[in-house]
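The values are calculated or read from the model by the stated rules, or taken from the named source; none is laboratory data. Note that the structure is a prediction, hence the values are computed from the model and not measured. Note that each Cβ is placed from the backbone with ideal geometry, even for glycine, and that neighbours are counted across all protein chains shown. Areas reflect the complete protein model, heavy atoms only, side chains present, ligands, DNA and RNA absent. Shrake-Rupley method; radii C 1.70, N 1.55, O 1.52, S 1.80 Å.
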Amino acid sequence: MLKKITGIFIVSFLISVSAWAKSVAFQIVQRQDKDAPVREAAIVMEDTLFDYFFSRGIITSNSPIVNSESAQKDKSLFKQSMDEARDGNVQYFVEIIAEYGLDDSTNPDAALLGNIKSITWTVRMLKTEESLGSGKMTPPKVVAFKNEQAGIADFTIDLAERIYKSLK
């Protein structure tokens, strides 16, 4: 009998905690040719966003990183991802557009902060699609020791903090 009561208590606790937890889904869209590869920088950003939100107790999911050649295509990609997130009862959706400046890059395929031109983001309340916050960030001037994954992670933490402040 004691095991049964303990089991009911644990299940009730888990259900109540999940009801209070915030949930966020995001998608990174790379503004580049549709056949271009997923950039290593985007993968580092994705991992950093997961770590940031998870460490704050936010249930986090994402849609795969995809390429888009236009703002119109961005909208259709984000709409599809938002519909999927809505089906999963997610509260917030974050649209992230990554633009790259690879013309002067010594290694365009590497995870280099210097390969990122800008990041544009918008946080939406999924129920209403209301914009709760948005912005555009450009990476700081790159110094050699901050150009690799650590630099991208630091830049993404700054992005995550701005997104986090928009979550109600």
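Below, the figures for the structure above:
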{"read-out": "Residue in segment 98-118 that is under 22 Å from S23 (Cα atoms) and buried (at least 18 other Cβ atoms within 10 Å of the Cβ) present", "value": "no"}
{"read-out": "Residue satisfying all of: in segment 123-138; of a type in the set (D, E, K, R) and assigned to a strand (DSSP E or B); most open to solvent (accessible area, probe 1.4 Å) among these", "value": "K136"}
{"read-out": "Test: residue in segment 144-161 that is in a strand (DSSP E or B), surrounded by 15 or more Cβ atoms within 10 Å (Cβ to Cβ) and under 13 Å from the mean Cα position of the chain (by Cα)", "value": "no"}
{"read-out": "Contacts under 7 angstrom Cβ, first residue in segment 103-120 being among the acidic types (D, E), partner assigned to a helix (DSSP H, G or I) and open to solvent by 40 Å² or more (accessible area, probe 1.4 Å), 6 or more apart", "value": "D109/E40"}
{"read-out": "Test: residue in segment 62-70 that is in a loop (DSSP other than H, G, I, E, B), in contact with a Lys or Arg (Cβ under 7 Å, 6 or more places away or on another chain) and open to solvent by 60 Å² or more (accessible area, probe 1.4 Å)", "value": "yes"}
{"read-out": "Number of positions in segment 35-61 that are assigned to a loop (DSSP other than H, G, I, E, B) and touching a residue at least 40 places away in the same chain (Cβ under 8 Å)", "value": "4"}
{"read-out": "Any hit, segment 19-29, residues being within 20 Å of P139 (Cα to Cα), open to solvent by 60 Å² or more (accessible area, probe 1.4 Å) and modelled with pLDDT under 95", "value": "no"}
{"read-out": "Qualifying residue in segment 81-101 (condition: closer than 20 Å to A150 by Cα, assigned to a helix (DSSP H, G or I) and modelled with pLDDT under 95)", "value": "no"}
{"read-out": "Residue within segment 151-158 that is aromatic (F, W, Y) and free of Cβ contacts under 8 Å to residues at least 40 places away in the same chain present", "value": "no"}
